[in-house]
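Only one structure is covered here, and it is reproduced in the block below.
The values are calculated or read from the model by the stated rules, or taken from the named source; none is laboratory data. Just so it is clear, the model here is predicted, and its values are computed rather than measured. Glycine also receives a Cβ, built like all others from the backbone with ideal geometry; neighbour counts cover every protein chain displayed. Calculation scope for accessible area: heavy atoms of the full protein, side chains included, ligands and nucleic acids excluded. Shrake-Rupley method; radii C 1.70, N 1.55, O 1.52, S 1.80 Å.
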Amino acid sequence: MPAKVAPAETATCARTASSEDGVKLKKDIGLLDGVAIIVGVIIGAGIFVSPKGVLLNSGSVGLAIIVWVFSGLLSLIGALCYAELGTMIPKSGGDYAYIGDAFGPLPAFLYLWVALFVLVPTGNAITALTFSQYILQPVWPTCEPPYVAVRLLAATITCLLTAINCYNVKWATRVQDIFTATKIFALVIIIIAGLWWLCLGNTENFQNPMEGTNTQPGYMALAVYSGLFSYAGWNYLNFITEELKDPHKNLPKAICISMPLITVIYVLTNVAYFVVLTRPEILASSAVAVTFGDKVLGMMAWTIPVFAACSTFGALNGAILVSSRLFFVGARNGHLPTAITLINVKNLTPMPSLIFLCIITLALLVIDDVYALIDYVSFVEALFTTLSISGLLWLRYKKPDLHRPIKVPILLPITFFLICAFLVTLPCYVSPWEVGMGVIIILSGIPVYWILIYQKNKPQWFVHASHKFTMTCAKMFMCVEEDKSD
């Protein structure tokens, strides 16, 4: 076991003025902040880029719109199921906490393993790179921005947002509120422009909406994957349940407000894209929203890259805010170094967790093709979501009397489980390489768990090094351990 630091000793070493033995994270996140987090994390770069992937795999405009509606409804069902999980198991950490309670520490650790080194930091790195590319594009209008400039700006913005989250949770949520409003405003502009174009009589792209439809189940699953990528983040509020004010009420309210809003915005935005752009134009575009702006907005087309950059900025801030809590909870359960459980005594933020996540994200920015990792982890993410929902069904059977402030109709988790199982199994024959790599990434965590977590009699040098590392972090970041009292 990693060496534990006595809270009083840590506080002394950190030279804090706190009279308490420990501190707790503040419940600073209200309903509006919760809605802003969900909307802000979900509406990132995806809606500005991924319509191409949905159309490519679905084959037709009509089926593509159906996929967007279906993806939104599926995300809403999943979010409602997670509302039951989040109020039944009121712990931060999301899937990690739910899988652990339902199936034990090893599956929970494997989720944490994938999320820690690939899933979360890769998503953050790609969001930061997308922000850099959009914000630098007006500076190099006729060519791609330089590789080094994009990387440096992505690293800078990652460090800046990490610093804001370390300094004050309220600051982070205010940034989230502002940029959520900005990105919704940008999409409303696209929707209004598309409706205006439609009112001018440009309906030719909808004359044969189902032409070219691809009905192969594997490709339909991949089309849904592309749609769900743009809805990714609907479960992120569950990562910070312990910091949410009145979570039994505000968690389901935030979900019921944000998910229908996002679905309506996404569907109308895609209708606007399809009204203005032909199928070949969308498939040839690397950034559908920018192509749309060039065709419709004229001299104001520069606003689309700026708004897309604002969108990714807000998405990155939200992802940093909530995903760092996943690692904080993992460390609290002994699955990560004890230092990550420390909380800054002044700002009451999990500062070591935030900085640890930032370092891994910066390391991934060095990789030339960080986007390639997404193909491997999309399957993994769907697999663990399926496992979380099966955990809900298992707990319904195993612990029927467990207190459930929210209890969704049993048909919803069953439906969501069956659809997730479909999405997990069918791509196995369409993209076996990506699925195989995802499985290898998961299984690579088993020996790590066996050596560093399961084995109780660890060498003294390891225990001493762990203790020294924790003490160093406590002094450096002015931190103490979390108060365990209720």
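Some values worked out for this structure:
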item: Pick from segment 189-212, criterion in a helix (DSSP H, G or I) and either on the phi > 0 side of the Ramachandran plot or of a type in the set (A, V, I, L, M) (or both), ranking: surrounded by the most Cβ atoms within 10 Å (Cβ to Cβ); result: Ile190
item: Test: Ser92 is on the phi < 0 side of the Ramachandran plot, small (Gly, Ala, Ser) and not in a helix (DSSP H, G or I); result: yes
item: Leading residue by the ranking (surrounded by the most Cβ atoms within 10 Å (Cβ to Cβ)) among those in segment 146-175 that are in contact with a helix residue (DSSP H, G or I) (Cβ under 8 Å, 6 or more places away or on another chain) and among the polar types (S, T, N, Q); result: Asn165
item: Any helices (runs of 4 or more DSSP H) falling wholly within segment 384-486 and containing at least 1 residues that are open to solvent by 60 Å² or more (accessible area, probe 1.4 Å) and among the polar types (S, T, N, Q); result: 411-425, 460-477
item: Matching residues in segment 279-300 - criterion: being crowded, with 17+ Cβ neighbours inside 10 Å and in a helix (DSSP H, G or I); result: Arg279, Ile282, Val288, Ala289, Val290, Thr291, Phe292, Gly293, Val296
item: Failed condition for Thr215, given (1) surrounded by 20 or more Cβ atoms within 10 Å (Cβ to Cβ); (2) more than 22 Å from Val188 (Cβ to Cβ); (3) at pLDDT below 85; result: (1)
item: All positions within segment 227-248 that are polar (S, T, N, Q) and under 15 Å from Asp33 (Cβ atoms); result: Asn238, Thr241
item: Count of residues meeting criterion [hydrophobic (A, V, I, L, M, F, W, C), in contact (Cβ under 8 Å) with a residue 24 or more places away in the chain and either open to solvent by 10 Å² or more (accessible area, probe 1.4 Å) or closer than 17 Å to Val463 by Cα (or both)] in segment 344-359; result: 6
item: Selected residue (only one of Leu362, Leu321 is farther than 30 Å from Lys456 by Cα, of a type in the set (A, V, I, L, M), touching a residue at least 24 places away in the same chain (Cβ under 8 Å) and open to solvent by 20 Å² or more (accessible area, probe 1.4 Å)); result: Leu362
item: Wholly within segment 100-188, helices (runs of 4 or more DSSP H) carrying at least 1 residues that are more than 30 Å from Leu443 (Cβ to Cβ) and aromatic (Phe, Trp, Tyr); result: 120-136, 147-167
item: Given (1) at pLDDT 85 or above; (2) surrounded by 24 or more Cβ atoms within 10 Å (Cβ to Cβ); (3) under 21 Å from Lys91 (Cα atoms), number of the condition Thr341 does not satisfy; result: (1)
item: First in segment 129-151 and touching a residue at least 24 places away in the same chain (Cβ under 8 Å) and within 22 Å of Met300 (Cβ to Cβ), second anywhere and open to solvent by 80 Å² or more (accessible area, probe 1.4 Å) and assigned to a helix (DSSP H, G or I), Cβ under 8 Å, 6 or more apart; result: Pro138/Trp302
item: Some residue of segment 221-243 being assigned to a loop (DSSP other than H, G, I, E, B), closer than 20 Å to Lys52 by Cβ and open to solvent by 10 Å² or more (accessible area, probe 1.4 Å); result: yes
item: Tally of residues being in contact (Cβ under 8 Å) with a residue 60 or more places away in the chain and within 18 Å of Gly34 (Cα to Cα) across segment 165-177; result: 9
item: Count of segment 309-354 residues which are touching a Cys at 6+ places or on another chain (Cβ under 7 Å) and assigned to a helix (DSSP H, G or I); result: 4
item: Positions within segment 64-87 being open to solvent by less than 20 Å² (accessible area, probe 1.4 Å) and over 19 Å from the mean Cα position of the chain (by Cα), in sequence order; result: Ala64, Val67, Glu84, Thr87
